[in-house]
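In what follows, a single structure is set out as structure tokens and then discussed.
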Amino acid sequence: MIETCDSPGLLPIHSAISDMLNQINPVLESELIELDEALGRILAEDVVSNINVPPHDNSAMDGYAMRCDDLADTNQLKLVGTAMAGVPFKKEVLAGQCIRIMTGAVIPLGADSVVMQENTQAKDDSVTFKQIPEWGNSVRRAGEDIQQGQVVVSRGIKLTPAFLALIASVGIAEISVIRNIKVGLIATGDELTAPGQALNDGAIYESNRYALSALLTTFPIVLFDFGIVKDDKIDLKAVFEQAGSHCDLVLSCGGVSVGDADYVKEILDELGSINFWKVAIKPGKPFAFGQLRGQLSNAWFCGLPGNPVSSYVTFEQLVTPVLQKLSGQTVTATPHFVAKAACVIKKRPGRADYQRGIFYRDEQGELWVKPNGKQGSGIMSSIANANCYMVLDQDAADIQQGEAVNIQPF
Ligand code: AMP
Ligand code: MG
């Protein structure tokens, strides 16, 4: 049983994540797309190679190919032809012979080794070798990168530029990927004003959606931006209903903390089953998770706190695994590194802190980290000018200078 807002304790961040991941089933629908449109998409099926890469033994250098054994007794061989990349030498290289060969050209029958051009001297039809090669020198073997029948990229992988090149190298131009997931984004609050407009008394500029929609661009999603919605029950309910029936996941920010959550809580209770959690994470304690019931289908829902740093941190730490699982991606933990605290880092036990820090190497190569200024949940410059999170354990108290600190580089 998970602890909720009403329970005395806070919900540890790993429990919040595993609770969400246990409920969510990945989207399974896939589509065939061209490889050059597949950056950032999630592979729906293993890609298997029908060929060896490289397809044949070929030269790693511009130089001369010969039978290595020939150079045991002499350093001079007869030049009998040329092999270019894509234009093979069609005959056999016989004893006492060599051919000029370019990088990527097929190693002809008979030859087994290549000496780079810089270690040779050619005159008329004779080549003098200044280096005696080992057998197989400068030869790239057929299949040394990928073997026929091998899984080149596994399903669930998010396609990076290198994976696209790897798939292209086995001759595949069309692949099956999970369809983009539909994500709705809503900002709520009477005080929120769109940038570019005049600011009324007591109002502030809405900024969270700019960070969140930008963070979302690194996921395979289609964004439905519902803009700013006032703290008005009828308006808010209509927008949540619409978002719930069009999206796979709805993200809102604002209105989930206990004080002002009443509307959002009331509406979400009517539209679905939502838990309002107090997660043991700082910043970002209030967080809502559950399902919105739509007319045709259901949408998952994550309610982020409104404070700018809190919404950013809860997106990165809590929503990222949700997006990964939902979009069929293998869920991966963000890598941590260990640095030494460059000064005392203030920390109260009870919640896992994601303080914003600056890490650097000193002249001895040692990694250090220090907090990036004020750590309040409204201080967005603490993220913008930082280069890492300092991840401080839930139970930890103040960190002393020189103590080890886990960092997550941005
Ligand atoms: P709430 O979570 O609605 O109680 O909001 C907490 C704080 O975050 C308040 O100071 C809000 O004005 C501020 N806030 C809420 N939503 C946004 C937003 N989209 N952009 C910037 N600040 C916000
Ligand atoms: Mg509010």
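The values are calculated or read from the model by the stated rules, or taken from the named source; none is laboratory data. Predicted, not measured: the structure shown is a model, and the values here were computed from it. Here the Cβ is made from the backbone with ideal geometry for all residues, glycine too, and neighbour counts use every protein chain on show. Remember, those area values only see protein heavy atoms, side chains included, never the ligands or the DNA or RNA. Shrake-Rupley method; radii C 1.70, N 1.55, O 1.52, S 1.80 Å.
Do we have S327 as within 16 Å of ligand 1 (Cβ to nearest atom) and modelled with pLDDT of 95 or more here? No; evaluated as a whole, the condition is false for this residue.
Among the criteria (1) among the polar types (S, T, N, Q); (2) in contact (Cβ under 8 Å) with a residue 40 or more places away in the chain; (3) outside any strand (DSSP E or B), the one T128 does not fulfil is (3). Within region 180-229, restricting attention to residues that are within 16 Å of ligand 2 (Cβ to nearest atom), charged (D, E, K, R) and more than 30 Å from P26 (Cα to Cα), the residue that is least open to solvent (accessible area, probe 1.4 Å) is E206. If you go through region 191-228 and pick out every residue that is under 22 Å from Q317 (Cβ atoms), aliphatic (A, V, I, L, M) and in contact with a Lys or Arg (Cβ under 8 Å, 6 or more places away or on another chain), you end up with 1. Filtered by the rule that a residue be away from ligand 2 (no atom under 16 Å from the Cβ) and either within 28 Å of A38 (Cα to Cα) or not polar (S, T, N, Q) (or both), region 238-253 gives A238, E241, A243, G244, S245, H246, C247, D248, L249, V250.
Checked against (1) surrounded by fewer than 24 Cβ atoms within 10 Å (Cβ to Cβ); (2) more than 15 Å from ligand 2 (Cβ to nearest atom), A288 meets all criteria but (2). Mind listing just one residue for me: the one in region 230-254 that is within 14 Å of ligand 1 (Cβ to nearest atom) and open to solvent by less than 10 Å² (accessible area, probe 1.4 Å) and, of those, nearest to R179 (Cα to Cα)? Ranking the qualifying residues of region 230-254, first place goes to L251. G402: in a loop (DSSP other than H, G, I, E, B), on the phi > 0 side of the Ramachandran plot, in contact with a Lys or Arg (Cβ under 8 Å, 6 or more places away or on another chain) and modelled with pLDDT of 95 or more, yes or no? Yes. Please find, within region 188-217, the residue that is nearest to ligand 1 (Cβ to nearest atom) out of those that are under 25 Å from G40 (Cα atoms) and in contact with a strand residue (DSSP E or B) (Cβ under 9 Å, 6 or more places away or on another chain). Ranking the candidates gives N208 first. The residue pairs whose first member lies in region 361-372 and is among the charged types (D, E, K, R), whose second member is assigned to a loop (DSSP other than H, G, I, E, B), and whose beta carbons are closer than 9 Å, counting only pairs six or more residues apart or on different chains, are K370/A342; K370/C343.
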